[in-house]
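First up is the structure itself, then whatever we jot down about it.
The values are calculated or read from the model by the stated rules, or taken from the named source; none is laboratory data. The shown structure was predicted, so the numbers you read here are calculated from the model rather than taken from an experiment. Virtual Cβ from ideal backbone geometry, glycine too; neighbours counted across all protein chains shown.
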Amino acid sequence: MSKTMPYWQQKPCPEWCDVRHRKFDGGSDRDCISLWHGNVTFTLMDPRSNNLGREYGGIVHDKAGAEVYLRRSYGAAEPRVEVAHETESGIGYFRLTASEALKLAKILTAAADVAKQE
């Protein structure tokens with residue numbers, strides 16, 4: 001959060017925004033993104049492989065997982081919950097409204113409660 005707002009910014013960032021906005025920002029650089037990020041590792045999924053380690057001697061294998069954070073696009077009234085995850089062709093995103101995220105959390109919790117009873 002910057003102390004003085006750039007000319008293009010119509011209202012202050014929400015408290016959770018961790019972006020230092022500047023007057024020359026354009027496009028997605030004007031988005032507010034949370035400092036808070038939640039991460040989950042998916043232990044039942046195969047590790048993902050990438051070629052980032054080739055210069056260091058081989059293919060890198062990393063745990064499959066997802067990262068969750070808040071993002072509000074410039075001009076949007078409400079933030080969204082973003083879930084970023086790796087796919088075969090790069091990074092994929094689930095973009096959820098707050099109510100969709102709460103509904104999904106409720107459904108996942110109900111499924112996990114049933115699974116725990118086994």
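A few comments on the model shown:
- Consider the range 9-40 and keep the residues that are more than 14 Å from Ala84 (Cβ to Cβ) and touching a Gly at 6+ places or on another chain (Cβ under 9 Å). The one that is surrounded by the most Cβ atoms within 10 Å (Cβ to Cβ) is Arg30.
- Residue count for the range 93-105 under the criterion of being within 12 Å of the chain's Cα centre (by Cα) and surrounded by fewer than 15 Cβ atoms within 10 Å (Cβ to Cβ): the result is 2.
- Matching residues, the range 47-95, being modelled with pLDDT under 90 and under 30 Å from Lys23 (Cα atoms): Ser73, Tyr74, Gly75, Ala76, Ala77, Ile91, Gly92
- Set Gly90, Gly65: member being surrounded by 10 or more Cβ atoms within 10 Å (Cβ to Cβ) and more than 30 Å from Pro12 (Cα to Cα): Gly65
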